[in-house]
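Some notes on the structure that comes next.
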Amino acid sequence: MSEDTTAQIDEGTRSAAAQAQDVKPDEIDWKAKARDWEKRAKANATAAQRLTEIEEASKSEADKVTERLAKAEKAVQEAEARALRREIALDHKLSKDDAALLDAITDEDAMRLLAGRLGQQVEDRKKNGNHVPREGSNPAASSSTDASFARDLLGG
């Protein structure tokens, strides 16, 4: 009898293990899992916001002043760089679009070199102009009249 009981227990554990292995991915409730993860994310977001508030409150006045000073220094550097770019653009008489190309460059020498090249291109365009030689003189147009054009077109 003990063998029968042992066999039944072994069979019961095998069926539970087999059932665990036979779980198909289609049977998993993905929407429920997504909801759980969304709840966790919201809880983490509020916790992170609370942590930021605590850190901000625990900062000393000196830390706050240091941060403001660093921001101010960065703003001053950006303003000086912007002024330098505009000064170089004005020196070389660049258009607004050409001056915008200088914004990507941080090295002053490179800015001046690029501005010089762009300024030279503008001068070359002004020097050569948009002159079309013999504009408006079409010798074939004077020999042909509207009537002859219509006859040629209609085959008559």
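Below, the figures for the structure above:
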| read-out | value |
| --- | --- |
| Highest average packing first - 94-105, 47-58, 74-85, Cβ atoms within 10 Å | 94-105, 74-85, 47-58 |
| From phi via Karplus (6.51, -1.76, 1.60), per-residue ³J(HN,Hα) for segment 31-41 in Hz, x at Gly/Pro | 5, 5, 5, 5, 4, 4, 5, 5, 4, 5, 5 |
| Segment Arg86-Asp103, extension gain: residue separation times 0.36 nm, minus the distance between their alpha carbons | 5.2 nm |
| Cα gyration tensor shape for segment 22-127, rounded if a/c is under 1.5, else prolate or oblate | oblate |
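Quick note: the coordinates plus some simple rules give every number you see, no bench work behind them. This one's a predicted model, so the numbers in the text were calculated from it and none came from an experiment. Ideal geometry is used to build each Cβ from the backbone, glycine not excepted, and the neighbour counts take in all protein chains shown.
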